[in-house]
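J.: Let me begin by handing over the structure; questions about it come next.
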Amino acid sequence: MIRCPWAGSDPLYIAYHDTEWGVPMRDSRKLFELLCLEGAQAGLAWITILRKREGYRAAFDGFDPKRMAAYTDADRARLMADAGIVRNAAKIDAFIGNARAWMEVDDFAELVWSFVEARPVTNHWRSQSDVPAQTEMSVAMSRELRRIGFRFIGPTVCYAYMQSAGLVNDHVVDCFRHAQLEEIAR
């Protein structure tokens with residue numbers, strides 16, 4: 001079975017590639033969780049965040065934006081002491097701020113999907129080196145999310161988010177998931 005080269009040989013990475021990455025996600029809360037996790041990855045390997053995903057879910061109340069928006073300094077201190085997550089003060093503060101920004105958006109899923117006109121974009125990359133780090137769409141998404149008050153969402157993070165949330169199908173054409181997700185997009 002041919003997979004995208006980045007999936008490597010780690011069973012967790014392979015499972016993520018085969019079942020989650022690139023599958024269109026339209027649930028606002030799940031999209032919020034993924035945006036936070038993509039921001040947590042900044043400067044790190046995605047496998048690091050995948051390995052700590054359950055720790056993040058436990059630490060951040062299942063990524064319930066309403067609960068997170070109400071976090072206090074005591075919650076921030078609790079999070080900074082939690083070995084189950086990457087303890088980075090700027091990222092923790094961004095998660096809390098992002099929850100507050102999320103509360104101001106009528107329909108987060110609708111907003112996110114508006115950057116691809118509500119329909120997944122299927123790309124036809126021959127190799128991983130062809131895949132861009134950012135696009136005009138991710139630049140526009142980053143700009144709008146920042147305007148609303150989101151942080152740790154630069155154009156590169158936004159493009160990784162678009163890939164993982166299935167807004168774009170960036171599985172290389174030889175990967176078995178490319179055709180499957182292309183069919184879903186129709």
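J.: Any chance region 69-92 includes a residue that's within 17 Å of C158 (Cα to Cα), touching a residue at least 60 places away in the same chain (Cβ under 8 Å) and surrounded by 15 or more Cβ atoms within 10 Å (Cβ to Cβ)?
T.: So far as region 69-92 goes, yes, one or more of its residues are within 17 Å of C158 (Cα to Cα), touching a residue at least 60 places away in the same chain (Cβ under 8 Å) and surrounded by 15 or more Cβ atoms within 10 Å (Cβ to Cβ).
J.: Against the definition (assigned to a helix (DSSP H, G or I), within 26 Å of F176 (Cα to Cα) and not basic (K, R)), how does S138 come out, yes or no?
T.: The answer is yes for S138.
J.: If a residue must be over 13 Å from the mean Cα position of the chain (by Cα) and small (G, A, S), how many such residues does region 141-186 contain?
T.: Going through region 141-186 one residue at a time, the tally reaches 3.
J.: Output the residue which, of all residues in region 110-123 that are more than 16 Å from the chain's Cα centre (by Cα) and part of a loop (DSSP other than H, G, I, E, B), is surrounded by the most Cβ atoms within 10 Å (Cβ to Cβ).
T.: Applying the filter and picking the extreme gives N123.
J.: Show me the helices (runs of 4 or more DSSP H) entirely contained within region 10-109 in which 2 or more residues are closer than 30 Å to V131 by Cβ and touching a Phe, Trp or Tyr at 6+ places or on another chain (Cβ under 9 Å).
T.: The qualifying helices (runs of 4 or more DSSP H) are 11-19, 28-41, 46-59, 89-103.
J.: Give region 1-39 a look and list any residue that's aliphatic (A, V, I, L, M) and free of Cβ contacts under 8 Å to residues at least 60 places away in the same chain, or say none.
T.: Within region 1-39, A7, L12, I14, A15, L37 qualify.
J.: Report yes if L145 is under 20 Å from R29 (Cβ atoms) and surrounded by 14 or more Cβ atoms within 10 Å (Cβ to Cβ), otherwise no.
T.: Considered against the rule, which asks whether it is under 20 Å from R29 (Cβ atoms) and surrounded by 14 or more Cβ atoms within 10 Å (Cβ to Cβ), L145 comes out as yes.
Where a number appears in this text, it was derived from the coordinates with a stated rule and is not lab data. Only a predicted model underlies this, so the values are computations on that prediction, with no experimental measurement involved. Cβ: placed from backbone, ideal geometry, glycine included. Neighbour counts: every protein chain shown.
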